[in-house]
1. Would region 84-99 turn up any residue that is part of a helix (DSSP H, G or I), among the charged types (D, E, K, R), modelled with pLDDT under 95 and exposed (fewer than 14 other Cβ atoms within 10 Å of the Cβ)?
2. Being in contact with a helix residue (DSSP H, G or I) (Cβ under 8 Å, 6 or more places away or on another chain), open to solvent by 40 Å² or more (accessible area, probe 1.4 Å), part of a helix (DSSP H, G or I) and within 30 Å of Lys101 (Cβ to Cβ) narrows it down to one residue among Ile10, Ile51, Ile72; which is it?
3. If I ask for residues that are open to solvent by 70 Å² or more (accessible area, probe 1.4 Å) and within 13 Å of the chain's Cα centre (by Cα), which ones from region 22-48 would you list?
4. Just one of (1) touching a Phe, Trp or Tyr at 6+ places or on another chain (Cβ under 8 Å); (2) exposed (fewer than 14 other Cβ atoms within 10 Å of the Cβ); (3) among the β-branched types (Val, Ile, Thr) trips up Thr19, so point out which.
5. Go through (1) modelled with pLDDT under 95; (2) assigned to a helix (DSSP H, G or I); (3) open to solvent by 40 Å² or more (accessible area, probe 1.4 Å) and name the single condition Gly4 misses.
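The values are calculated or read from the model by the stated rules, or taken from the named source; none is laboratory data. Since this is a predicted model, take the numbers as computed values, not measurements. No Cβ is skipped: glycine too gets one built from the backbone with ideal geometry, and neighbour counts run over all protein chains shown. Quick note on the areas: whole protein, heavy atoms, side chains included, nothing else; ligands and nucleic acids left out. Shrake-Rupley method; radii C 1.70, N 1.55, O 1.52, S 1.80 Å.
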Amino acid sequence: LHAGEIKAYIQAHLSEKLTIDLLCKQFSVSPTFLKEGFRRAYGVPIHTYLIRQRLRRAQELICTTRMPIQQIAQSVGYEGMSQFNTAFKREYGMTPGQYRKMSETATLRLF
């Protein structure tokens, strides 16, 4: 098994409920093998990687679409808004709503 396959699977399934258990079944490996192999390959725990990818995708959607924030949260695998807001703020230092306002202002300045 190659860690890149797991990484690609995560990227393709960001909106789904991804668990260590599900990934172990998907790739027929033990949780220890999965976690250690992924950390060795990418230098971060698989859970941290998953959260960062979800938030990066959300950030991209906030900046490039008019999609409602709640819909964006769901599309990257968050069921609740408060959990999404907290994670987003931890990663980017502001709420998704503030981030959208800032990106709209920045876009206006470019023109």
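1. No: region 84-99 contains no residue that is part of a helix (DSSP H, G or I), among the charged types (D, E, K, R), modelled with pLDDT under 95 and exposed (fewer than 14 other Cβ atoms within 10 Å of the Cβ).
2. Being in contact with a helix residue (DSSP H, G or I) (Cβ under 8 Å, 6 or more places away or on another chain), open to solvent by 40 Å² or more (accessible area, probe 1.4 Å), part of a helix (DSSP H, G or I) and within 30 Å of Lys101 (Cβ to Cβ) holds for just one of Ile10, Ile51, Ile72, which is Ile51.
3. If the condition is that a residue be open to solvent by 70 Å² or more (accessible area, probe 1.4 Å) and within 13 Å of the chain's Cα centre (by Cα), then His47 is the only one that fits.
4. (1)
5. It fails just one condition, (3).
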